[in-house]
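Take a look at the following structure, please.
The values are calculated or read from the model by the stated rules, or taken from the named source; none is laboratory data. Everything numeric in this text was worked out from a predicted model, so none of it was measured. Cβ coordinates were reconstructed from backbone atoms using ideal geometry, including for glycine residues, and neighbour counts include every protein chain displayed. For accessibility, only protein heavy atoms count, side chains too; no ligands or nucleic acids. Shrake-Rupley method; radii C 1.70, N 1.55, O 1.52, S 1.80 Å.
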Amino acid sequence: MSYTQQKYMNPYVAGVLLGLVITASFVITGQGTGASGAFKDIIAAGVVKFTPEFAESSAFFNHYVGAEHSPAKAWLVFEILGVIVGAILSGALANRIALKVEHSPKITSKTRIIMAIAGGVLFGLGSQLGRGCTSGAGLSGMAVMSASGFIAVGAIFGVGYAFAWVFKKYWV
Amino acid sequence: MRVRKTLSATVLIATGVFLAFTGLYVPKEEIAPEDLVRTLERNENYYSVDKVAEQLISKDPLLQLVDVRSEEEYNKFSLPGSINIPLEKILDVSSQDYVYQEIYNTVFYSNGTTDALVALMVVTRKGYKNNYVMKGGLNEWVEKILRPKHEGNFDITTEELYQFRKGAQAYFGGGSATPVVDASAAPKPKRKAVKRKKKAVSGGCG
Amino acid sequence: MAPLITPGSEFDLMWAFIIGIAFGFILEAAGFSTSRKLVGLFYGYDFTVLKVFFTAAVTAATGLLLFNHFGIVDFGAIYVPTTFLWPTVVGGSIMGLGFLLGGFCPGTSVCAAAIGKLDALAFLGGLVLGILFYTLTFESIWMEFRKTSNLGVLLMSDVMGVSYGVSVLIFSIIAIATFLLVSKIKERIADVEY
């Protein structure tokens with residue numbers, strides 16, 4: 001822990017602010033916030049650009065062909081660019097910017113990186129199947145009281161708690 | 001910290017309870033009766049008594065007051081320049097010059113707000129435009145214009161409002177003040193040429 | 001009347017960027033850029049995620065209802081996702097495992113990577129691989145399953161058989177009860193240094 005690091009915001013205050021941002025997003029644009037969708041759109045755009053023949057033959061990519069510049073798709077990408085800028089701002093103000101691998105003292109950095117990649121793969125897969133991740137499907141879904149949002153959040157946290165004991169030694 | 005959390009939770013629950021028992025706002029293309037009521041609650045359909053008084057004093061040529069109470073009540077007391085269309089006659093052919101036209105701002109009033117609002121609802125349902133309601137009706141007129149009280153705060157707006165109402169009181173001869181202008185100076189009911197739309201209004205509001 | 005802008009209008013992407021900045025700033029400031037803080041909720045040593053997450057959801061749900069009450073938000077015009085029961089349950093479960101292993105979710109990993117967390121960058125790499133894997137196996141594995149158990153646009157109020165407003169109220173009460181519960185749990189569990 002760096003001694004200059006600032007304390008984190010009160011979770012309830014942060015929650016209210018985050019809720020207001022989501023509300024604003026709905027009021028201004030009619031949709032909530034999301035994260036995983038941006039990556040899907042970037043990947044789809046990349047596949048369409050570099051392997052157009054494959055994209056056209058693929059059931060998943062063919063509706064992306066010719067739609068790379070569709071504004072609805074660029075929206076999430078710009079939002080994620082904003083998230084990066086916002087996080088850097090907050091991190092800079094609180095002196096938290098530093099290159100490091102964060103992990104429990106009981107495991108090595110290498111183990112942590114492998115776990116992170118595996119977790120990312122699972123999240124990538126799950127978010128496509130579940131039509132959005134924690135923020136898109138979960139938070140924005142709950143904001144509009146959609147059953148889908150509550151089911152997604154229930155499944156994410158439910159499985160998290162059910163299997164927490166398996167991975168305890170890697171975290172605590 | 002504990003107090004603040006309890007307070008926040010209470011505010012949240014109170015807001016939740018309030019919202020839980022008020023209906024959802026659902027705008028529709030067609031004017032459904034229940035949505036009509038909500039449309040009518042919007043502020044732009046109302047004239048405050050102050051606005052009516054101000055336009056009467058300045059003899060605003062576009063103002064047309066319509067008293068929707070019974071003829072008996074109208075004869076006992078009415079606002080200067082107003083005409084009488086009892087509520088049940090609001091859709092009569094003879095009333096159309098006032099409620100189905102595009103030039104004047106027709107302001108309905110009754111004793112309270114309700115009957116005038118019913119009149120507005122009926123004509124809005126017909127698709128007629130330029131009709132309004134004097135909020136609070138004659139009750140508020142008497143209270144605010146004929147017997148104005150100072151509203152307490154000595155900021156510029158309430159002060160101006162009070163002075164305006166004092167002036168209006170004098171103009172309309174309320175309270176103990178001596179009328180500066182006698183009754184004959186108040187605008188007379190006007191009969192006017194009305195340009196009416198020939199085509200029937202198609203459904204839905206623009 | 002919301003939405004104030006239509007998708008594709010000239011300020012659309014600018015708003016996306018601004019909302020993203022606010023989103024990222026708050027996530028980072030709340031401590032979501034630290035995987036061990038995020039995962040703390042599963043082991044009871046840090047409930048920050050749960051507190052922020054549910055406070056945000058309740059605030060947004062109440063806020064939207066409040067805007068609706070004043071006629072600013074039309075629920076017919078905002079995006080409500082369609083509910084696909086089993087794909088969401090399976091997808092959510094996979095994400096739950098991913099959360100437990102990776103210690104991030106996509107949004108928080110972006111924040112963490114932005115302030116230099118290399119594990120978050122690895123998570124993002126995995127995320128891209130996962131999405132690629134999904135897209136490449138889409139036809140053979142997922143396409144049919146993804147369309148199953150379509151329940152339409154289903155709201156919690158429909159599920160519970162109450163009005164929309166009452167469902168938001170119930171949600172708020174449950175959230176507050178959960179906050180009280182986790183603060184009791186937290187008292188019994190030793191702090192973890194991270």
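Let me check something: with ligands and nucleic acids excluded, how do C:SER109, B:SER78 order by accessible area (1.4 Å probe), largest to smallest?
The most accessible residue leads, giving B:SER78, C:SER109.
Between their Cα atoms, which of C:LYS147/C:LYS184; B:LYS126/B:LYS149; A:LYS49/A:LYS110; A:LYS7/A:LYS106; A:LYS7/C:LYS184; C:LYS147/C:LYS186 are more than 31 Å away from each other?
Distance filter (> 31 Å) returns C:LYS147/C:LYS184; B:LYS126/B:LYS149; A:LYS49/A:LYS110; C:LYS147/C:LYS186.
Which value, in Å² rounded to 10, gives the accessible area of B:GLU143 with a 1.4 Å probe and all protein chains present?
Result for B:GLU143: roughly 110 Å² accessible.
Provide the FRET efficiency to the nearest 0.05 for the B:HIS150-B:ASP60 pair, computing r from the beta carbons and using R0 = 25 Å.
E(calc), rounded to 0.05, equals 0.40.
Round to the nearest 0.05 the FRET efficiency obtained for C:LEU85 and B:SER48 when R0 = 51 Å and r is the Cβ-Cβ distance.
E between C:LEU85 and B:SER48, to the nearest 0.05, is 0.45.
Quick one: which residues, 5 or more positions from C:PHE84 or on another chain, have an amide H under 5 Å from its amide H? H modelled 1.01 Å from N in the peptide plane, none for Pro or chain starts.
C:LEU151
If you don't mind, another one. Amide H of B:TYR132 versus every other amide H placed in the peptide plane: which residues, excluding those fewer than 5 positions away on the same chain, fall under 5 Å?
B:THR106, B:VAL107, B:PHE108
While we're looking at this one, here's another question. Spelling out what I want: for every residue of the range C:169-179, take phi, set θ = phi - 60°, compute 6.51 cos²θ - 1.76 cosθ + 1.60 (Karplus), and round to whole Hz; glycine and proline get x.
Per-residue couplings from phi come out as 4, 4, 4, 4, 5, 4, 4, 5, 4, 5, 4 Hz.
Let me ask something else. Can you work out the accessible area per residue across the range A:103-172, with the rest of the protein chains kept in place, probe 1.4 Å, in square angstrom?
Per residue, the range A:103-172 has 33 Å² of solvent-accessible surface.
Per residue of the range A:156-172, in order, report the coupling 6.51 cos²θ - 1.76 cosθ + 1.60 (Karplus, θ = phi - 60°) as ³J(HN,Hα) in whole Hz, putting x for Gly and Pro.
After applying 6.51 cos²θ - 1.76 cosθ + 1.60, I find 4, 6, x, 5, x, 5, 4, 10, 4, 4, 4, 9, 3, 5, 7, 10, 8 Hz.
Chains A and C: buried accessible surface, both sides, probe 1.4 Å, rounded to 100 Å²?
Separately minus together, A and C give about 10600 Å² buried.
Separation between the B:ASN139 and B:PHE18 pseudo-spin-labels, each 7 Å from Cα along Cα→Cβ, expressed in nm?
It is 2.4 nm.
While we're here: Using label points projected 7 Å from each Cα along Cα→Cβ, tell me how many nm separate B:LYS89 and C:ILE173, to one decimal.
Between B:LYS89 and C:ILE173, the simple spin-label model gives 5.5 nm.
With θ taken as phi - 60° and the coefficients 6.51, -1.76 and 1.60, list the Karplus ³J(HN,Hα) couplings across the range B:132-142 in order, rounded to whole Hz; mark glycine and proline as x.
Each residue of the range B:132-142 in turn: 9, 10, 7, 5, x, x, 5, 4, 6, 4, 5 Hz.
Just to confirm, what accessible area per residue do you get for the range C:35-194 at 1.4 Å probe, in whole Å²?
Accessible surface, normalised per residue, equals 38 Å².
Along Cα→Cβ, 7 Å out, is where each label goes; now give me the distance between the ones at B:ARG2 and C:ASP158 in nm to one decimal.
4.5 nm
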